[in-house]
Each structure stands twice: as structure tokens, then as C-alpha cells.
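Reading through the C-alpha cells given below for one structure.
The values are calculated or read from the model by the stated rules, or taken from the named source; none is laboratory data. It should be emphasised that the depicted structure is a prediction, and the values quoted were computed from it without experimental measurement. Note that we place each Cβ from the backbone using ideal geometry, even for glycine, and neighbour counts take in every protein chain shown. Surface accessibility is based on the protein's heavy atoms, side chains included, excluding ligands, DNA and RNA. Shrake-Rupley method; radii C 1.70, N 1.55, O 1.52, S 1.80 Å.
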Amino acid sequence: MKEILRLMRYAGRFPGFLLIALLTMVVQVFASFYIPFLMIDIIDVYLPARDFDNVIMTSLIMLGIALGGIVGGIINTYTSQYIAQYATADLRLDLFNKIQTLSFRNVDAFKQSRLITNATNDVLRVQMFFTMMLRIVVRAPMMIVMGLILALQTSGLLSQVFYITIPMLAISILIIMFFAYPRFKKVQVALDDLNNVVLETANAPQVIKSFVSQDHERQRFEATNEQYRNVNTSAETVMAFAEPVIQFIFNIGIAGILLFAAYYLNQGELMINGSPRIGVIMAFQNYSMQILVGLMMFAMIMIFLSRANVSAARINEIFDAKIDLVNPENGKRPEIRGSITFNEVAFSYGDDGNDAVSNLNFTINKGEKIGIIGSTGSGKSTLTYLIPRLYDVRKGQVLIDDTDVRVMDINHLCDNIGYVTQNATIFSGSIATNMFQGNEDADFDALEESSKQALLHDFIHEQEDHYNYLIKSKGVNLSGGQKQRLSIARAMIKKPAILIFDDATSAVDASSEQKILNHINGLAYNPTLLLISQKVSTVRKMNRILVLDNEGHVDGFGHHDELINTSKTYQEIAHSQLGNGGGYGVE
Amino acid sequence: MVSNNKEILSKKALNERLKAEIDPTDPKNFKGGMRRRDTPPVGAKPKNIRETLFRLLSYMGVYKYAVLMVFLSLIAATFATLYIPTLFANSIDRYIDLDDFSRFDPTNLYRIVIIMAVLAGIGSIIRFFSRFIMVRISQNVVKKIREEAYDKLMKAPVDYYDKQGSGDIVSRLSNDVELISNSLGQTVLEVLNSSIVLLGAFVLMFLLNWALGLVVIAFIPIMILFTIKISKKTRKGFKEQQVHLASLNGIIEESVSGLKTVKLYNQEKPFTDEFEIENDKLKKAGFMAQFYSGLIWPFIHFMNNLIFLSVIAAGAVLYLFTPLVTIGQIAGVSQYSRQFIMPISNLAQLFNALMQGIAGAERVFELIDAEDEYENDGELAIDQFDGDISFENVTFGYTEDVVVLKDISFFAKKGEVIAIVGPTGGGKTTTIKLLNRFYDINAGEIKIDDKNINTLQKDELRRRIGVVLQDTHLFKGTVYDNIHYGDFTADKEAVIEAAKMANAHDFIIKLPKGYETEVYEGGQNFSQGERQLISIARTILNNPDLLILDEATSNIDTRTEAKIQESMRRLMKDRTSIVIAHRLQTIREANKILVIDHGKLIESGDHEELLNAKGFYYGLYKAQFEQ
């Protein structure tokens, strides 16, 4: 409850509409109750007195109130839906902006998939709650309060029925929720399990078919399917109590009114001018029906609320995330030439003191082409993340041209670094829009130039739409190699002082890779290149090779011929890839 | 080449065209709005409502007596509770004499109260009972549907998975089935319930007083008309809302999953701009859709009040001037009139839920009706392969119009290692996928031991071919389970033996829980190299007659790499193997090297032969392995 209340501030941004929504809701509820209230006089006073004029008069008043009710209702719908939609849009935008400013340490902690669910499903659930809130959550208590006030006004004696039925209903609903809630939680878990099994199957048809393990998979599925059926049946069975119980209490209420009426009539109460107040009894029936319907809706909302609250909690968690990496105010924007120095650098992803890389001390000169090699988990990518400040060092300094990256304006820093990530990230749009991400102001010649450098030019011109070739979400209509080339082109169009390729050519064949590297070597602005690769055949073409061992330390930094004798890690790698008798002087 | 016959525009023409379509000097081209975005198709409108509904209902056929019972008991329950207002009305007229109240005897009313309470109790018990049964029926039906869908998934060709994508498959089996479950469990029951209440209230109201009944009936056409009109308007609005929601979700997904690139290229602003524009559209579309659909509520409340007051007013007038109504009847009918409205609005709402359920069912049935790859299964059973493999003029394309492999022929003798090399996208992976009939070839023949593989039973064929792919898939479960996957009949010792052979044993026993260490979804908690070692162990345990291997290209740590090499060599011993090779060592040791490029076999021979030929391989070798 607490979490969703926190998000109410978004609805609070529309105070005028909120007030109108509440007032019109009062009008609506008032109409529903006041019409039976007016009816009492018709039945109890005007009919016995055969007062036709007042019957008509009162009927017209009732009609007027009903019309007022619908006008109020329409205004209420307009304002409440407006608030729900517009408040959620604000919430969604804030959340999106917050996600974009999260540091990667934050993102790692949250997991990307969760952030996506938060910004999509969780927000929708909160929105549904907003929508219902103004329609039902406010309405239900109002109906109960107004119903009780009018009931007491009409007859304190008959109102005693409500002292019995309302608590009965409240308790029943609580009991049902008490049993239903844990069961629905189990349903959620079982559904996750089921989805996981299906997802695994959907991701691995080739493995399953190769091992002809369909029967095994069927059994696995059957187990989760059965489990899901069980928990679902159990939860739905509890819910099956709800409607009959509410119906029962409602009918008991009607019987109760008659019972109390009979009792008090016998006592000589509930009389007017010597005849029994039938109208009062009828009005009570009506009140009772409306109050109970209001409560029923309220109960539904409460069940939904617990789910919306979970979503709200997840959203709030993101809002509360402390961003540990911020762009410095008035950050420096020096002209970046491209030398890089690591000074006593250590970095760890967690707070557990397990450094991913440590003791990093080296300098890379402007224009130098550096290969980075090492085992998986040796910290190759990590090391390069520290340069554009995807992460901040735990200890030491990363300097570009003698300026600590942490005092530079991040946007300026990134503008001068062409980074190609390991899994080429291509966005939907066109080839051109993806390339423009590297340089907004690029003209056609610049596009042509960098697409040639990345060997994407031929592909582009094979397409009917050329640079307008439509790229689908996640670049699914490009091959792995094409995606890598496009992301290389996007980096090259920046003409950055520093280029970083994180295994960026793994899906490009060797001769193409060679051509791309030749293009980089021939660039007039002579960028510094950091190239991470698993292949000795690739890194050995660089000026120097930085070798990382399994602990994230530098095991050697020099030319191939030198490292093959001095670095044990490098020897092992070269040995495994080039093999005995490869002709490179290993044993 | 495809591009040869295609007109390549001159640079100038291109430049102009580019300017016209995506003028890079115009900032709006990449600041959001103008970005051409690929939006997933939305709109859950069922295509064939009747057929799907009948098919869905046919699943309930087994439970037809139970459903009938539910139906009958609902009628009984509804009449039990619906009779209460009549009782109320009659008791007022009969036992409360307005003109001579002195003869009032409350015991008559007490009796009625008891009858009411009993009726309410009986009604609710029956009602619960019918729900209890219905929950079980619908859960069983849904389970059955899910089972059938999964079963088809097991039989669907690899091609089906390629086309649908895993997200779509999961959503069919969970979301869509869930929609069916809602429809069956609640909607069907509610529709029945509402219809019975409607009918019951109608009949009882007329029995109580036909004149007042007519007053109520007069309003029904208005209600129906309005409801239809609103739902038409609403449906359009919701569809539009869905479209914007889908594209907004697309932006979120892209920017979050590509967050590194977003930051590295300072794309926060363009994404935020684009997000803002779509968000704006969504809120406007959402507002219109929700406003129209929300109008149904004030309307229902209004009708509720209007009918009630009409009954009172008309009742009062009729009471004054005709002998047609009594006070009790006014009370009774006014009560029925309120019961009337709920089912009508319910039915309108339920119609939408039902449509959603049918749309869901349609997508699930699509899966159930998908192609079954065993329909063109071969009949020949086989015990074992010797291991001669021959490709004879094999031509293949994933779709009919694009040929991926053309006229490939080669022969591998028992025990030989065949290395396939060539540029990415040239057709290497495709070649190996044909051997175990993941895809069927368009022309030519593939033979194992001189038998056309199309004549062999698919399962038997696949059981005898071991496959180790570059990106290995591990299943959720323990490490042990994953190796055991190779042969479910193997005992623990055999599993450990296989792990040892695969060089996986050493790293496994160093894991915190050894063989019992949990593998997370997709094997994320293992490195790619470790995953591959486990999968090699799995294949060793499987003990296949033939092997298909895909060497890893990158991202394997060196020590593991050496271990993989060694264990692969053990695996290949005495088995005919086809390897997509990247390591020089593997290539040099192969009996035959096939160079495949642009879907054609352009060279074949051993290392020395191909080097001497100074052809494509020679160039490739130079680029990759020499300075």
C-alpha cells in the first residue's frame, strides 16, 4: 500500500482535475442514493394521500437528479481517465529518464531484463490501478459512508441490519484474501517455471532434436504443467467462494431488513399516520444492495492492489537507486589527442574486494595500435570500460592526454571515443540513422567514407534503399557480420581520437578483418586503437599487445616476438592457436 | 551476384535521394519523430470466431455431463435467489395490511424471513458447487491444450522455431493459453450466469406484475444500442493504444538492452525525444480509448437510476389510477429492475474478454496445427552407422526462392575428418545442418552408408549423429543432469567417465557443489568454454557414430581452449566427423578440407594440396595465419 501511495504524487500533479473527479464522484454517488430516498415519500406519503401532483413532482426531481448523476459521471470519467493516462505518461517518462542515467553498476545490480519489465509491465499495472482508483477505490468508501448516513437518516432502527451485514462481508472478504493471496503467489511462481521450460525448449530445438530427447522434455513439461494446474485450481477454488458468499450476505441483508421491519412494526415503530412505512423498507433494500455492490468492487480492487503494490515497489526501487557515476559539473572539454595512461588502476564490479582488474600501469601513445588479449574473465573488456567511464575505477586513475577522465565532461569524452561493443548493438531505424548516431552532422560523403572503411559499402549498395535500408528491432534482418560492420562504421564516422574494438570482428572473416584494419592504419587523423581479440593472428598485427592474465593483471605489454618469449599467458595462447610447428618459434 | 543486374545509382543521384528521404541536415531525422521504426504487428482480433469457438468448446466435450450439471445448477441457484424479491413483494402485500394494520402478525413475516435465508443459503451453496466444478473443468482443458501445443512443439521442424522466434512461442504457450483459461473459467460461467439472471429476472418480474415489467423492457433497446456503439468506438481506440504501446515498449527494450551503446554514442537525448513523442501519442490515444470505454459506467449508473425511478413513478401512477399494481409489486419490480442492469453491462464487458480468449485460442491452435516434421519421416530403422557420408549435388535454400547451397558434392570415408572452411555467411553452418535433416534439401541426395537419409527414421538418424555447436545450450538443472542428457540410461560412473574424457571433470569438481552445481537458464553462470566442455561430455556419453562439430571462434579462454581441442580430438577418434574449422591445427589434421563460399564448394583437398593450388584457401590461409 505504501509503495503505490508514493506514486500517487503523479496523480497529484493534476490537482484541479483531481478535485473535479472527486466532486463529480460525490454527485454520482449522491444521485444513486438520493433517488430511493425521495421514493420513500412517494410510497409512504403521497400514495396513501392520493397526491398525484406530488408524485409527478417528486418523479421529475428524481429524473433531474439522475441527469445530474450522468453529467457528473461523464465529467468524472473524463477527468479521472485524463489523470490516469497523463500521470502514468509522466511516471513512465521519469522512469525512462532515470533508467538512462543509471550507471552500469546500477544496471548490473538491477539486470536489464528487469528494467525493461519495470518500464513496461509494471508501469501498466500501476496505470490500471490509477484508472480503477478514481473509479472504484474512491467510490466504494463514499458509497458506504453516504449509504450509511442516508440509512440512519431514514431509520436508525433498520440501519442495525448494516451493523451485521457490513462486518460479515468485510470479514469474509478478508478471509478469502488471506487464503487467496499466498495461492496466487504460488501461481505466479509456477507460471514462471512453466515459461522457463517453454523458453528453454524454444531456444534449443536443435539440441533436443539431436539427442532425440523429446520424451524427456515432454515429461519435464508435464511436471510443470501439472504443477501449474494444481496451484491454479487451488487458487481459483478459493476465489470460487467469493461470489456465492457475497450473494449470500446480500440476500441475508434483504431478509434481515424484513425481519427487523416485522419486529419493529410489531413494536409499533416504523409507522406514519397509523400505517407502516413500506417506502422506508424498500429504500433500505436499495441501500443495502448498493452498499454491498460497492464493497464487492472494493474487494476486487484490494486483490488487485496487492499486485499493483508489488509493481510500484519495483518502480520505486529504481527511483531510489543512487547513481554512483555522474557527469561532473562544468566538466573539462579539452581537445583530445588520444594518449591513454592507466595509473595504479584497480576495479571491481562488486563491493566484495574481488578486483576484476588491478595493478594496471601502462601508457598508450597517441596513434598507437594496441591489441589486448587474455582469457575470458581476465578483464579485457573491463579495462576498456574504464576509458569512456562506463564504470569508474576503484583505485588509481585513467588519464587521457594527462587529464583524469573523471573531471571531463562525459559527453565530450564519449564524442572522442569510437567504441564498438562486443555484441554489436544496432537500433531499429535505417542504416543511416544508425550511422548518424556516430555523428549527427555527417554528410553523404562521410557516410560513404566510413561505410567503405567498415566494408559495409557493397552491402549498402546492394540494397534497393541503400542507406535507407530499414533495420528491424535488434537488427534481426542483418547477419552477425553485417551488424559488426555497421557498428564499426558508426564508430569510424565519429573520426574519434580513440577507437576501441571489443572483439568487434569476431563474425567478420579474416581477410575482411585485415582490410578493415588496413583502413584504420591508413587514417590521416591517426587514431589510437585498442583492439580486443581472442586471436593471436589478429593482435599480432598491432604495434604492441597488452596481455592480461587470469587475475586481471598485465602479464606482458610488447610486440609479438617479444611476448612469445616473456609472457607465459601469451605463450599458452599462441601455442593453442597456432599449434606445434606453426613456425612461430614455440618449442 | 545479386547486385550485378541491379542498377547502382550514381553518387549524385544517391546523394539527392538521401537528402530527399533522410536529409541529415534536418535534425528531426534522428531526433525521434521521423525515425522509421519497425513496430511489431498488434491487434488481437480473431479471424474465424465460430470455428475457433467450436473447437475450443469441443475440448469440453469429455466433460459434457459436468458442464450440463453446472448449467442446470446455475439455473437452480439463480431462481432460488431471484425468487427472494417476489417473496418480499408478496409478504408486503399479504401480511402488511395498510388499511387495517391492527391485525398485523409478525410471525408470518418471520416465516418468510426463514424461507428467504434458506433460499439464499441453498442458492449460494449450489453456486459455489458449480464454480468448483467449472474451475476444475477449465483447468483440465487448459492443461490439455497446453500439452497438445507443447507436443506439437516437440514435433515441429527447426524451421518453425526459426520463423516464430522463441518469444512468440513462449507467448503462445503462456499468455495466449492464459487468455483461454480466463475465457473458459470465468467468462463462460459469467455469460451463463448473466444470461440466466437476465432471463430469470425478466420472467419473475413479469409474473409479479406485467405492467411494470413492460416499463422496464422499454429501456432495454436503448441500453443495447448504446453498449454496441460504445464498444465499436472503444475497440478502435484500444487498437490504436496497442500500436503506440508496442512501439513505446520497443523503444524501451532497445535503449535498455543497448544501453552501453546509447551511452557511448550520447544517444540519451535522441532516445528520450523519441520516447517523449511516442509517450505523448500513447497518452492521448490511451485517454481517448479509456474515456470512451469508461463512459459505459456513468451510463449504466444512469440507466440504473432511470429505470428505478420510472418503475416507481409509473407504479405510483398506476397505483393511483388503476387496480393493476400493489405497493408490494412496486417494491418487487424495482428490486428486479436493479438486478437487470448488472447482467447487461456484464455481458457487454464479457464479450470483449471472450473475443480475447478466442483470439488467444486461435494463436494456440495455429501452433497445434503447425507442420509435423515426422509426417515425412523415413521408415528404415538402423542399428549403427559405419560412417560413409556422401553429398551428391546437394542444393538447398531456407526459402524456395533463395538458394543458399548449390550443387555441393563430397564424400567422407568411415573415420575421416572433414574440415569446412570459408568466409562467414558462405554456407558452412547450413551444410552441417542438412545431415541430420534439420532441413530437407531441395535437390540432390545425402547418403550415409549408401542409404539416402530421407529413407531413414529421423529419430534413429539423429540419435547416431553427435552435434557440438559453437554456442552450446545448457539446460536448467545440475551439471550432472546436463551431461546425463546425452544418455538417460547411463549411470553415475559413466557420466563422470564422460566428463573426464571431455576434460570437464577437473573444473566441475572445483565448483562449489561439484556435479550438483545448478546451471542457470541458458548456462549463464558458466563461461562459453566451460559450456562447451560440458556439451562435449554430453556428446561423449551419447556415443554417436558420426560427429558434427563447430569450433568456437572467439571468447574462449586459452587453457579451456586447449582442453577443448584435446577433448574434441578424443571425440573424433574413429568417428567420421565434419568440422567447421577455425583452428589451423584442426584444419591441418583433417583428411579433407572443403572450402565453401557463396554456397558453392570451390575447393577441396588436404592442406598441402590446397596450399599448392594457390587458390582461395591459399589466400585465406595467408590472411589468417601469416603476417
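Just order A:506-518, B:486-498 by mean Cβ neighbour count inside 10 Å, highest at the front, would you?
Details: A:506-518: 19.2, B:486-498: 15.8.
Order by mean packing, descending: A:506-518, B:486-498.
Give a residue-ordered list of calculated ³J(HN,Hα) values for segment B:569-580 (Karplus: 6.51 cos²θ - 1.76 cosθ + 1.60, θ = phi - 60°; whole Hz; x for Gly, Pro).
So the Karplus estimates, Gly and Pro as x, are 5, 4, 5, 6, 4, 6, 10, 5, 10, 10, 10, 7 Hz.
On a 1.4 Å probe surface of the protein chains, which of B:Ile196, B:Ile441 comes out largest in accessible area, and what is the full order?
On the way: B:Ile196 15, B:Ile441 40 Å².
Descending order: B:Ile441, B:Ile196.
Please tell me the relative contact order of chain B in percent, rounded to the nearest whole number, where contacts are Cα pairs under 8 Å and at least six residues apart. Show your work: numbers first, answer last.
Values: 839 pairs, mean separation 93.2, N = 627.
Relative contact order here is 15 percent.
Note down the Stokes-Einstein diffusion coefficient of chain A in µm²/s, whole number, using a Kirkwood radius over alpha carbon pairs, 25 °C, and 0.890 mPa s.
For these conditions, the coefficient is 80 µm²/s.
To the nearest µm²/s, what D does Stokes-Einstein give for segment B:49-368 at 10 °C and 1.306 mPa s, using the Kirkwood radius over alpha carbon pairs as Rh?
On the way: Rh = 23.9 Å.
Translational diffusion coefficient: 67 µm²/s.
Within 10 Å of each Cβ in B:306-317, how many Cβ atoms from other chains are there, averaged over the peptide?
On the way: counts 7, 1, 7, 13, 4, 1, 12, 9, 1, 5, 12, 4.
What the average comes to for B:306-317 is 6.
³J(HN,Hα) across segment A:429-439 via Karplus (A = 6.51, B = -1.76, C = 1.60, θ = phi - 60°), whole Hz, x for Gly/Pro?
So the Karplus estimates, Gly and Pro as x, are x, 10, 4, 4, 4, 5, 6, 4, 4, x, 7 Hz.
Do you know the relative contact order of segment B:389-625, to the nearest whole percent, from alpha carbon pairs under 8 angstrom that are 6+ apart?
Details: 438 pairs, mean separation 65.7, N = 237.
Here the relative contact order equals 28 percent.
Could you put B:Lys573, A:Lys452 in order of accessible surface area, largest first, with the 1.4 Å probe and the full protein assembly present? The partial results should precede the final answer.
Details: B:Lys573 135, A:Lys452 110 Å².
Ranked from most to least accessible, the order is B:Lys573, A:Lys452.
Sticking with the crude label model, points 7 Å out along Cα→Cβ, report the distance from A:Asp53 to A:Met302 in nm, one decimal please.
A separation of 5.1 nm, rounded to one decimal place.
List the residues whose amide H sits under 5 Å from the amide H of A:Ile272, counting only those 5 or more places along or on another chain, with H placed 1.01 Å from N in the peptide plane.
It is A:Arg277, by chain and number.
Using 0.36 nm per residue, how much length does the chain from B:Glu379 to B:Ser58 gain when fully extended, once their Cα-Cα distance is taken away? Could the numbers behind the result be given before it?
Details: separation 321, 0.36 × 321 = 115.56 nm, distance 3.37 nm.
Net length gain for the segment: 112.2 nm.
Less than 16 Å apart at the alpha-carbon level, and either on another chain or at least 8 residues along: which lysines does that give for B:Lys428?
Those lysines meeting the cut-off are B:Lys406, B:Lys592, B:Lys600.
Gap in Å between the Cα centre of segment B:179-229 and the Cα centre of segment A:185-210?
42
At a 1.4 Å probe radius, carbon and sulfur cover how many percent of the accessible area of the protein assembly as shown?
On the way: 27220 of 48960 Å².
Carbon and sulfur: 56 percent of the exposed surface of the protein assembly as shown.
Run the reach check for A:Lys332 against aspartates and glutamates, Cα to Cα strictly under 16 Å, same-chain hits fewer than 8 apart removed. What comes back?
A:Asp401, A:Asp402, A:Asp404, A:Asp409, A:Asp415
Can you give the accessible area per residue of the protein assembly as shown, in Å², using a 1.4 Å probe?
Working: 48960 Å² over 1214 residues.
For the protein assembly as shown, the solvent-accessible area averages 40 Å² per residue.
Per residue of B:128-136, count partner chain C-beta atoms within 10 Å of its C-beta, then hand back the mean as an integer. Please report the intermediate quantities before stating the final value.
Details: counts 9, 2, 2, 8, 6, 1, 2, 9, 5.
What the average comes to for B:128-136 is 5.
Quick one: Cα centre-to-centre distance for segment A:112-183 and segment B:440-464, in angstrom?
Each part's Cα centre sits 65 Å from the other's.
For Cα pairs less than 8 Å apart in space and 6+ apart in sequence, what is the mean separation divided by the residue count of segment A:364-521, i.e. the relative contact order in percent? Intermediate results must be reported in sequence, preceding the final value.
Working: 191 pairs, mean separation 45.5, N = 158.
Computed value for segment A:364-521: 29 percent relative contact order.
How charged is the neighbourhood of A:Ala454? Take every other residue with its Cβ under 9 Å from the Cβ of A:Ala454, and add Lys/Arg as +1 and Asp/Glu as -1. Could the numbers behind the result be given before it?
Details: positive: A:Lys452, A:Arg485, A:Arg490; negative: none.
My count for the surroundings of A:Ala454 gives +3.
Give me the one-decimal nm value for the distance between modelled label points at B:Asp280 and B:Lys232, 7 Å along each residue's Cα-to-Cβ direction.
3.2
Averaged over peptide A:365-371, how many Cβ atoms belonging to another chain are found within 10 Å of each residue's Cβ? Write down the numbers at each step before the final one.
On the way: counts 0, 0, 0, 0, 0, 0, 0.
Taking all residues of A:365-371 together, the mean is 0.
Report, for chain A, the % of DSSP beta bridges that are antiparallel, rounded to 5.
Numbers: 20 of 39 bridges.
Bridges in chain A that DSSP calls antiparallel: roughly 50 percent.
Once amide H atoms are built 1.01 Å from N in the peptide plane, which residues 5 or more positions from A:Leu531, or in another chain, come under 5 Å H to H?
Amide H neighbours of A:Leu531: A:Ile370, A:Gly371, A:Ile372, A:Phe501.
Taking +1 at the Cβ of each Lys and Arg and -1 at the Cβ of each Asp and Glu, which of B:Val141, A:Val29, B:Ala562 sits farthest along the dipole of the protein assembly as shown towards its positive end, judged by Cα position relative to the Cα centre?
Comparing the listed Cα positions along the dipole, A:Val29 ranks first.
So what are the three principal axis dimensions of the protein assembly as shown from its Cα atoms, in whole Å, longest to shortest?
Dimensions of the protein assembly as shown along the principal axes of its Cα atoms: 124, 75, 60 Å.
Taking the Cα atoms only, what angle lies between the long axis of helix A:568-578 and the longest principal axis of chain A, rounded to 10 degrees?
90
What area, in nm² and to one decimal, does the C-alpha convex hull of segment B:389-625 cast on average over all directions?
Values: hull surface 52.2 nm².
Projected over every direction and averaged, the Cα hull of segment B:389-625 covers 13.0 nm².
Using a 1.4 Å probe and ignoring any ligands, DNA or RNA, find the accessible area of A:Asp193 and quote it in Å² to the nearest 10.
Rounded to the nearest 10, the figure is 70 Å².
Using a 1.4 Å probe, how large is the accessible area of B:His598, given in Å² and rounded to the nearest 10?
Probe radius 1.4 Å; accessible area of B:His598 about 130 Å².
Which order do B:Ile465, A:Ile61 take when ranked by solvent-accessible area (1.4 Å probe, heavy atoms of all protein chains), largest first? Kindly include the intermediate steps, with their values, before the conclusion.
On the way: B:Ile465 0, A:Ile61 80 Å².
Sorted by accessible area, descending: A:Ile61, B:Ile465.
Mind checking how much accessible area A and B bury in total, 1.4 Å probe, in Å² rounded to 100?
On the way: alone 30020 and 35260 Å², together 48960 Å².
Approximately 16300 Å² gets buried when A meets B.
Gap in Å between the Cα centre of segment B:310-326 and the Cα centre of segment B:579-608?
Each part's Cα centre sits 99 Å from the other's.
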